[in-house]
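Remarks on the structure that follows.
Taken together, the values in this text are just the output of simple stated rules run on the coordinates, not laboratory data. Since this is a predicted model, take the numbers as computed values, not measurements. We place every Cβ from the backbone using ideal geometry, glycine too, and count neighbours over all the protein chains shown.
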Amino acid sequence: MCGIVGYIGRERAGSIMLDGLKRLEYRGYDSSGMVVNAGKGLELIKRTGRVKELEDALDELQLGGNLGISHTRWATHGDVTEANAHPHQSTDGKIYLVHNGVIENYIGMKNFLIEKGYSFKSETDSEALCNLIAYHYGKEEETTAKNRFLEAVRKSLRHVEGTYGIAVICDDYPDELIGARKGSPLIIGIGKGENILASDVNAITHCTQNVVYLNDNEVVHLTNNDFSISTVSSKSVEAVIHQVDWDTSEAELGDYDHYMLKEIHEQPNALKNGMRGRFSDDKSTAVFGGLNLNPQELRQIDRILFIACGTAWHACLIAEYLIERFARIPVEVEYASEFRYRNAPLDKNTLVIAISQSGETIDTLGALREAKRKGYRTLSINNSVGSTIARECDGGIYQHAGPEIGVASTKAFTSQLLICGMLALYLGRLRDLSYGDGVDIVKAFKELPELVQEALKQTAQIEAIAKKYAKYEDCLFLGRQLMFPIALEGALKLKEISYIHAEGYPAAEMKHGPIALISEDCPSVFLATSGEIFHKSLANVQEVKARKGKVICIATADCEIPDGLVDDIILVPECHEIVKPILMSIPVQLLSYYVALERECDVDKPRNLAKSVTVE
Ligand code: F6R
């Protein structure tokens with residue numbers, strides 16, 4: 001959350017940073033700003049609202065300049081105002097800073113600085129760090145001019161408790177840009193005669209494919225032709241340059257109205273990419289290159305703990321069902337934010353797996369580090385090559401779903417379900433799952449992209465149903481077994497983009513409380529698939545109908561639903577159990593999308609949210 005772009009080079013910093021901010025807008029969109037070295041000094045400009053507001057203001061100003069820092073904000077401390085928007089400027093006017101993260105000890109810092117005569121224009125924690133750098137810069141007069149700015153940044157960071165990704169410039173150093181990170185992501189794009197700092201790769205691929213991932217407690221000093229990295233305690237660090245293999249057109253909206261709709265329709269391809277080269281027909285199993293655990297080690301694992309947040313946490317719940325069912329390994333699922341501080345006893349043969357689309361979610365990263373600190377083997381399933389979580393795990397599986405820009409996760413979720421299913425197959429085949437069962441499952445995965453394409457053909461019908469139900473303010477999503485996590489996901493999707501109050505429940509749990517909510521004004525979405533408990537699900541539908549509740553039933557085509565029992569039916573193709581959660585997710589996503597559209601909500605940028613949550 002919060003996007004940072006800094007530029008130093010030969011091009012117009014303003015337009016390069018603006019381009020970057022637009023690509024990072026999904027990280028935060030309540031206000032934005034930039035400061036540019038525009039020839040006659042540093043020019044600061046901030047606007048509340050979307051990056052478009054900043055763009056309009058910049059169009060009028062036509063700022064030149066080849067150095068600058070910029071920011072798109074997701075508020076943590078202080079309201080959405082221009083004063084609280086970044087960049088912040090120090091009291092003496094010399095230092096400018098943009099920050100992503102939370103400075104936990106900012107109150108003490110601020111009081112100290114007020115005593116020293118510094119004043120504050122904003123309510124943010126970030127301004128305290130900006131003034132602290134100015135304070136150390138002022139005290140560094142004795143140091144050689146060459147290192148004075150850099151030394152002031154490093155000294156200040158040694159006092160910070162909390163997290164930061166920062167970009168800083170100084171009025172006295174028109175040819176230098178400094179960045180640093182601890183807990184919040186920051187990458188360096190290395191160009192020819194230009195260098196860029198950004199919160200993620202998405203913001204720099206229009207300029208360069210060469211990337212250095214900054215690690216925690218590292219500070220980078222950039223000029224247009226050079227860069228050097230040191231630690232906060234001034235030890236020099238050798239940089240490793242990675243090539244990002246990223247097709248920039250993948251992150252473009254194209255002919256779609258919203259990224260969410262585009263990403264829903266990209267699912268057949270995302271799934272194909274997640275499977276590519278990952279099956280052995282011969283052994284009827286999945287094959288993963290980066291687990292860094294051999295079959296013997298994997299056979300010794302007697303428990304798996306999954307950690308994640310939000311939608312990725314729902315993917316973990318599906319992993320629990322699938323791995324227990326097909327590999328017979330006990331699985332537990334924890335919210336990363338809870339696990340981190342809970343001190344749960346784990347067995348020494350426990351494998352910890354983090355699922356994260358962005359690979360930067362701070363709660364998941366914190367939980368992962370806690371597991372590593374205790375000595376557990378860790379793996380990750382994530383969609384962002386080179387992300388912090390991917391780099392810090394002992395091994396992992398990349399989703400290869402392509403960039404996900406819409407704040408509401410869609411294709412990343414189904415690709416997580418795919419990887420979890422494939423992992424269940426792989427672990428199963430290392431244990432008791434038979435060759436024949438493996439053959440059926442591999443076949444089911446290979447047929448899946450076609451079936452998803454089929455399910456997407458229901459779009460017009462789902463749009464019509466969405467129009468009917470968009471007026472309600474409450475909704476229940478109900479499902480049993482594998483459909484329970486999909487019910488949770490359906491409720492999350494609906495509430496986050498359409499602001500309808502929605503809850504997901506195991507269908508049978510409904511009668512233990514939530515049934516009290518059922519009325520003509522509270523419809524239910526039932527998720528029913530064929531199998532031994534299908535008739536139990538139907539009984540739960542009857543219970544709702546008996547209380548005048550409206551029912552939308554999403555089901556696999558082989559379910560026999562009595563005529564007239566439900567108000568609306570959406571059918572997805574009949575399929576193998578292991579891929580049912582993926583296929584059943586498609587109508588759930590489309591339903592939320594069209595309900596939100598009908599309610600005229602900003603689908604890609606829902607209120608109060610941001611993608612990639614890098615604060616606790
Ligand atoms: C909801 C959504 C979030 C994320 C959660 C974790 O649509 O996208 O709930 O799933 O913030 O994000 P990652 O997967 O990046 O760790």
Report the Cα centroid-to-centroid distance between region 569-616 and region 76-154 in angstrom, as an integer.
41 Å
Assuming 1.567 mPa s and 4 °C, estimate D for region 3-245 with Stokes-Einstein, Rh taken as the Kirkwood radius over Cα pairs, in µm²/s.
75 µm²/s
Whichever lysines have a C-alpha closer than 22 Å to that of Lys155, once near sequence neighbours (fewer than 8 apart) are set aside
Lys94, Lys110, Lys116, Lys139, Lys146, Lys182, Lys235
Contour minus Cα-Cα span, Thr231 to Asp245, at 0.36 nm per residue, comes to 2.2 nm
With Cα atoms, 0 to 90° folded angle of helix 362-373 axis to the chain main axis:
90 degrees
Taking the dipole of the chain about the Cα centre (Lys, Arg +1; Asp, Glu -1; charges at Cβ), the one of Ser498, Tyr435, Thr81 that reaches farthest to the positive side is Tyr435
Mind pulling the angle between the C-alpha long axis of helix 435-456 and the longest principal axis of the chain? Nearest 10 degrees, somewhere in 0 to 90.
70 degrees
Cα lying deepest toward the dipole's positive end in region 452-596, options Ala555, Pro581, Val544, charges on Cβ
Val544
Could you pull out every residue, at least 5 positions away or on a different chain, whose amide H is within less than 5 Å of the one on Thr285? Hs are placed 1.01 Å off N in the peptide plane, and Pro or chain starts have none.
Ser280
Multiplying the sequence separation of Ala83 and His501 by 0.36 nm and subtracting their Cα-Cα distance, what value in nm do you get?
147.2 nm
Provide the gained length on full extension for the span Leu430 to Val287, in nm with one decimal, where the gain is 0.36 nm per separating residue minus the Cα-Cα distance.
50.3 nm
Would you work out the charge dipole size for region 505-566 about its Cα centre, treating the Cβ of every Lys and Arg as +1 and the Cβ of every Asp and Glu as -1, and quote it to the nearest 20 debye?
220 debye
Quick one: which residues, 5+ away or cross-chain, put their amide H under 5 Å from the amide H of Ile353? H built at 1.01 Å from N.
Leu305, Phe306, Ile307, Leu379
How many Å³ per residue does the convex hull of the Cα positions in region 373-484 occupy?
195 Å³
Kirkwood-based Rg over Rh for region 457-616 (C-alpha set), two decimals?
0.96
Point-to-point label distance, Ala508-Glu297, nm (Cα→Cβ direction, 7 Å offset)
3.9 nm
In degrees, nearest ten, helix 580-598 long axis to first principal axis of the chain (Cα):
60 degrees
Take each of the peptides 41-53, 391-403, 1-13, average the number of other beta-carbon atoms within 10 Å over its residues, and list them starting from the highest.
1-13, 391-403, 41-53
D (Stokes-Einstein, µm²/s), Kirkwood Cα radius, the chain, 1.306 mPa s at 10 °C
62 µm²/s
So how strong a dipole does the chain carry about its Cα centre when Lys and Arg Cβ are +1 and Asp and Glu Cβ are -1, to the nearest 20 debye?
1080 debye
Just round it to a whole percent: the fraction of Cα-Cα distances in region 271-455 exceeding 31 Å.
11 percent
